Amino acid sequence: MEEDRQNPHKRRVRYSGTHPTRFSEKYKEHDPEKYRDVVEKVIRKGSTPAGMHLPICVEEILAILRIRPGQRGLDATLGYGGHSGRMLESLAGKGHLCALDVDAVEIAKTEARLRSLGYGSDILTVVRRNFADIDRTAEEFGPFDFLLADLGVSSMQLDNPERGFSYKKEGPLDLRLNPLGGTPASQRLRELDRWELEGMLRENSDEPYAGAIAQTIASKLKKGQAIDTTTQLADAVAKALAALPQEERQEAVKKSCARVFQALRIDVNGEFEALDAFLQKLPEAMTVGGRIAILTFHSGEDRMVKKSFKELEKAGIYREAAKEPIRPRAEECARNARARSAKLRWAVKA
């Protein structure tokens, strides 16, 4: 009775209508593990349940890493923890896994989820840190026998409109992987002139309509019109492409919105700079024979990984490296549409 008084039952937030409309009211999205029947139904339909993330190329990654009990490893991008969970299973209670993530919102949830499965601090250490600091991480917890870096944005970030990652949902134009620091995307847009914005769109996402989109955004801001929300940015993209033939316009706007949000997210979070630092420091963080797997979802990232692996293999720093990327199997793409753009590359330290 005393415990009940100290921890009173909290009723679930109620909402008007038959279904919740705001993300904060969608109780199943905030606790997907509790609603397995709903989750399985959504997955069977080929979608990712909101509030969780389906790990991609898991079996292929485990085949590359060849994890053995007693080894030390690094999950450089923890996310929802799906890959980490499988790597911990492979360690079979012996060895250690360090896991990094910059997302202050999700990292605590994922750590709690993994701890609830019985993984204590003896086998799992979770650190809020950018993988660009892999040298510092290796000094503390390495060198590593195996390493995974999944460079994709987690579904939890995409699904939560408060994070501003998706043009499909109304929310603040934020796009920060770590919402506790850095510059939100709405402010970043105000810092760039038209030509800088056009260059960023071309470089970060190969946007074919970069000039028109940059001009429209710059013109709106110059007139004092706000672009502070996801839908305001999507509307600006649609306006920039208004001259396209009607039969092409809808699909073109959809694709350009996705690319613009991607380009802005990469810029806001310094993702290319972080990846470059990570790739340069990576060999020194590995043991001899250490195995590396990197999962990319963007052509620019894949080119960086491919170039680094090729050059370091030629220099004798890597004993071998993937000549071609591994792509998700058709059945995985059918089950998880977000897997379709994934490319998996690997290397082995000499």
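The values are calculated or read from the model by the stated rules, or taken from the named source; none is laboratory data. Here the structure is a predicted model, which is why all the values come from computation and not from measurement. As a convention, Cβ positions derive from the backbone with ideal geometry for all residues, glycine included, and neighbour counts pool all protein chains shown. Heavy atoms of the whole protein, side chains included, go into the accessibility calculation; ligands, DNA and RNA do not. Shrake-Rupley method; radii C 1.70, N 1.55, O 1.52, S 1.80 Å.
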- Query: Which residues in the stretch 190-233 have a backbone N closer than 19 Å to a point placed 7 Å from the Cα of Gln246 along the Cα-to-Cβ line?
  - Reply: none
- Message: Just to be sure I understand the model, the point goes 7 Å from the Cα along the line to the Cβ. What's the resulting Asp122 to Arg329 distance in nm?
- Response: 3.6 nm
- Note on the structure: For 258-269, 174-185, ranked highest to lowest by mean beta-carbon neighbours within 10 Å, the order is 258-269, 174-185
- Note on the structure: For the stretch 118-226, the dipole about the Cα centre with charges only on Cβ (Lys and Arg +1, Asp and Glu -1), to the nearest 20 debye, works out at 780 debye
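Sort the following peptides by mean Cβ neighbour count (other Cβ atoms within 10 Å, averaged over residues), highest first: 89-98, 125-134. Walk me through the numbers on the way to the answer.
Details: 89-98: 17.7, 125-134: 19.7.
Descending mean neighbour count gives 125-134, 89-98.
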- Item | Pairs beyond 26 Å (Cα-Cα), from Lys314/Lys343; Lys109/Lys169; Lys169/Lys307; Lys169/Lys255 | Lys169/Lys307
- Item | Projected label distance in nm at Ala112 and Arg303, using a 7 Å step from Cα toward the beta-carbon | 4.2 nm
- Item | Whichever aspartates and glutamates have a C-alpha closer than 19 Å to that of Lys223, once near sequence neighbours (fewer than 8 apart) are set aside | Glu191, Asp193, Glu196, Glu198, Asp235
- Under a Cβ-Cβ cut-off of 9 Å, what is the net charge of the residues other than Arg319 that fall near it, where Lys and Arg count +1 and Asp and Glu count -1? -1
- Can you give me the Cα centroid spacing of the stretch 122-187 and the stretch 206-258 in angstrom? 27 Å
- Note on the structure: Sorted on mean Cβ neighbours within 10 Å (highest first), peptides 220-227, 319-326, 289-296 come out as 289-296, 319-326, 220-227
- Say a paramagnetic label sat at a point 7 Å from the Cα of Ala63, along Cα to Cβ; which residues of the stretch 323-350 have their backbone N under 19 Å from it? 323-336, 339-348
- Glu320 to Phe272: FRET efficiency via 1/(1 + (r/R0)^6), r the Cβ-Cβ distance, R0 25 Å, to the nearest 0.05? 0.45
- Within straight cross-link reach of Lys310, meaning Cα distance under 17 Å, which aspartates and glutamates are found once same-chain residues fewer than 8 apart are removed? Asp276, Glu284, Glu301, Asp302, Glu320, Glu324
- Note on the structure: A 1.4 Å probe over the protein heavy atoms gives the stretch 173-298 a carbon and sulfur accessible-area percentage of 47 percent
